[in-house]
1. Tally Lys and Arg at +1 and Asp and Glu at -1 over the other residues with C-beta under 10 Å from the C-beta of F108: what net charge comes out?
2. Which of Q134, T51, Y147 sits farthest toward the positive end of the charge dipole of the stretch 23-193, with +1 on the Cβ of Lys and Arg and -1 on the Cβ of Asp and Glu?
3. Over the chain, what is the relative contact order in whole percent, taking alpha-carbon pairs under 8 Å and six or more residues apart?
4. Return one quarter of the surface area of the convex hull spanned by the alpha-carbon atoms of the stretch 13-121, equal to its mean projected area, in nm².
5. Taking 0.36 nm per intervening residue step and subtracting the Cα-Cα distance, what contour gain separates A40 from H148 on full extension?
6. Quick check for me: using +1 on Lys/Arg Cβ and -1 on Asp/Glu Cβ, what's the dipole size of the stretch 23-193 about its Cα centre, in debye to the nearest 20?
7. Quick check on the exposure proxy: order D136, D185, D88 from fewest to most C-beta atoms within 10 angstrom.
8. Fewest Cβ neighbours within 10 Å first, please rank K17, K80, K152 accordingly.
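Please treat every number below as a calculation from the coordinates, not as lab data. This is a predicted model, so every value here is computed, not measured. Backbone-built Cβ (ideal geometry, glycine too); neighbour counts: all protein chains shown.
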Amino acid sequence: MVPVVLLLGGVCDHSGKIIPIVPEFDITDSFESGLGQWTAQAIDLGEPAGTWSIQGTTEEASAGMHSVQLTLDNVSSAGKVWIERELDAAPTQAYDVDISFDLASADFGTLDLWTVIAGAYPAPPRAADELTFQDDTGNGASTDDGYHWVSKSYTVHARSDEEGHLSVTIGVWGTSETARSYYLDNVRLQLTRAG
Ligand SMILES: [Ca+2]
């Protein structure tokens, strides 16, 4: 019998028993040992380029003792910094990619917020029009009282290349000419084959 896909996220076998759909990849990273399998990337830094850094830190953490700090002196008002991880997936396979993480931001209110980057691609993005931009970096506070952790969760769709390459990015797009730092922690990537 052909399995019937249920809205609850499972399939029925011939006896009617529900078999949960298990993601092909279920990756968590709390950065307790630095960047691990993630690499640091930056583009559109201006001329001369604004300084930036991406590194492990104990200044902030939402899980454990460590997180990743993203810092950008955004002299171009267009800089983008992100961490990137390449996965070894099935060749030319479409995936639903759930990307969730905690973001510590000092951006309060509703004005002059930066923009979150979160996406998945067959080849690592190296230009602004190849990136996926999400919502803003606001921390939910109405006054300037330092960093707050915000939980972020996005679902994107991507197809791996012929060799199974699939890259995931998480970062920020600097949309104003200021210098800022953000922190990432508690990343979870879940990839499920799309039909
Ligand atoms: Ca951590």
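1. -4
2. Farthest towards the positive pole: Q134.
3. Working: 525 pairs, mean separation 59.7, N = 195.
Reported as a whole number, the value is 31 percent.
4. 10.9 nm²
5. Taking A40 through H148 to full extension adds about 36.6 nm, to one decimal.
6. Using only the charged Cβ atoms, the result is roughly 100 debye.
7. Numbers: D136 17, D185 22, D88 10.
Least crowded to most crowded, the residues run D88, D136, D185.
8. By the 10 Å Cβ count, ascending, the order reads K17, K152, K80.
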